[in-house]
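Written out below as structure tokens is the structure these notes cover.
Please treat every number below as a calculation from the coordinates, not as lab data. Just so we're clear, the structure is a prediction, and the values are computed from it rather than from any experiment. Because the Cβ atoms are built from the backbone with ideal geometry, glycine has one as well, and the counts that use them run over all protein chains shown.
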2 protein chains.
Amino acid sequence: MGVSVPATSVPPNSLGGDLGWTLGVLFRAYLKAADAVTAELPGGPRGRQILTCAVRDEPRSQSALAQLLGVDRTVMTYLLDDLVDAGLVERRPDPSDRRSRLIVATEHGRAVLDNLDHRLGQVEEHLLGGLDDDERDRLRTLLQHVATSINAADPVSDTCEVVQDIGVTSARKHPY
Amino acid sequence: MGVSVPATSVPPNSLGGDLGWTLGVLFRAYLKAADAVTAELPGGPRGRQILTCAVRDEPRSQSALAQLLGVDRTVMTYLLDDLVDAGLVERRPDPSDRRSRLIVATEHGRAVLDNLDHRLGQVEEHLLGGLDDDERDRLRTLLQHVATSINAADPVSDTCEVVQDIGVTSARKHPY
DNA sequence: GACAGATGTTCTGTCGCTCAGACGATCTGT
DNA sequence: ACAGATCGTCTGAGCGACAGAACATCTGTC
């Protein structure tokens, strides 16, 4: 169900095995769905992730939050401005470092997050409609492992070195 | 290996099970790696996907290509301009429709793609370093299923209806 | 304690990218 | 033959991201 589409008969494409393509398709679809769900939330899907951390984790500084979510620190500033204005989170002075602010959720923020999560969960299930329950769990688990692994090794880049190791062995100076 | 990071001791985060976060982390990491590999290719990672289709699939029109890759048709125009300028693909008149152009790869394009795919393959494996071989295969397969399913049902949106069905049951007019 | 350098947050300016809209050319149906 | 839709292209406007500077604060060394 949900997959059968007699119309337009999508022609076969060679990107099925392409990690970049599959990720892109799924991520764009997710973003569209999440955008719809979080339409009224400042910051959209990213605002929800910030809120999730603020509710469920130990309070983080803005920069820690920014790195975790993969956004620039200057962007985090106005993302939080909007969330604070909406009364969803607070900036608390860090007792151990007066430069940084710890982000914590308000009661209102918790309530909003519960509502969002509920709706987002349904949309996600719809998104993974092509998989049965077992496969969905496996996919989520695998993604969690990969993301955790990448996030742990992240301290930025790390990729560049790999690329260099592999070597830009050909077509070096000619721009193709 | 690769995962062990004694430094900074990443604190636990509640986003591990979050589909959006895991996808985001993986996709950003992929994009960074792919950007590095395709640094000299017009269009970067997207240019490579176009090239892949041009080499391996039946020739497609620009708009079909644009929809498959999830880019705006106006963007596809100058992406192709650059690829054509680089001598990687050609715009051929479609014998059955003089409005559209079919995108096909040149010999040069094929050679470049082979080189790119080889290097990208290595980077991808590094990216999935947190998983063993078996898990990598499973992840790729699951992603392929989901992406194919989504792509088949895609004819744009479809999400909005779901969101409406679920209902914006609360916090309706108050902007949080 | 005094200092140099590093880090957290914010502000400013700039750049690139994306999308909406309009246009001409062409196809399709009536 | 005509109306409406579609393909590719071009233009303009707007948004978002990043670099850099500024200020406050921390950490280490002397």
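GluC sites (Glu not before Pro) within segment A:63-126: which are DSSP loop residues with at most 13 other Cβ atoms inside 10 Å?
On the way: sites: A:E90, A:E107, A:E124, A:E125; in loops: none.
The qualifying sites: there are none.
Put a point 7 Å out from Cα along the line to Cβ at A:S96; what are the distances to that point in the other copies, in nm, shortest first?
Output for A:S96: 6.8 nm, nearest copy listed first.
Which whole-number percent is the relative contact order of segment B:38-146 (Cα, under 8 Å, 6+ apart)? Kindly include the intermediate steps, with their values, before the conclusion.
Numbers: 101 pairs, mean separation 26.5, N = 109.
For segment B:38-146, the relative contact order is 24 percent.
Using a 7 Å offset from Cα along the direction of the beta-carbon, what are the separations from A:P12 to the same position in each other copy, nm, ascending?
Computed spacing set for this position: 4.8 nm.
In angstroms, what radius of gyration and Dmax does segment B:37-86 have, counting Cα atoms only?
Rg and Dmax of segment B:37-86, Cα atoms, are 10.0, 27 Å.
Could you tell me the relative contact order of segment A:67-112? Use alpha-carbon pairs under 8 Å, at least six residues apart, and round to a whole percent. Mind showing how you got there, number by number?
Working: 39 pairs, mean separation 13.4, N = 46.
Relative contact order for segment A:67-112 comes out at 29 percent.
Step by step: find N for segment A:42-146, compute 2.2 N^0.38 Å, then divide the Cα radius of gyration by it. What's the final number? Kindly include the intermediate steps, with their values, before the conclusion.
Details: Rg = 15.6 Å, N = 105, 2.2 N^0.38 = 12.9 Å.
Segment A:42-146 yields a ratio of 1.21.
Averaged over its residues, how many other protein chain Cβ atoms are within 10 Å of peptide B:36-48's Cβ atoms? Please report the intermediate quantities before stating the final value.
Details: counts 9, 5, 2, 3, 7, 3, 2, 0, 0, 3, 2, 1, 3.
The mean count of partner-chain Cβ atoms within 10 Å per residue comes to 3.
Distances in nm, one decimal, shortest first, from B:A39 to the same residue in every other copy, taking the label point 7 angstrom along Cα→Cβ.
Distances between equivalent label points, in nm: 4.3.
Looking at the axis that maps chain B onto chain A, which chain B residue has the closest Cβ, and how far off is it in Å, rounded to a whole number?
Closest to the rotation axis on chain B: B:F27, 2.
On average, how many beta carbons from a partner chain sit within 10 Å of the beta carbon of a residue in A:126-134? Write down the numbers at each step before the final one.
Numbers: counts 8, 6, 6, 5, 10, 4, 0, 0, 0.
The mean count of partner-chain Cβ atoms within 10 Å per residue comes to 4.
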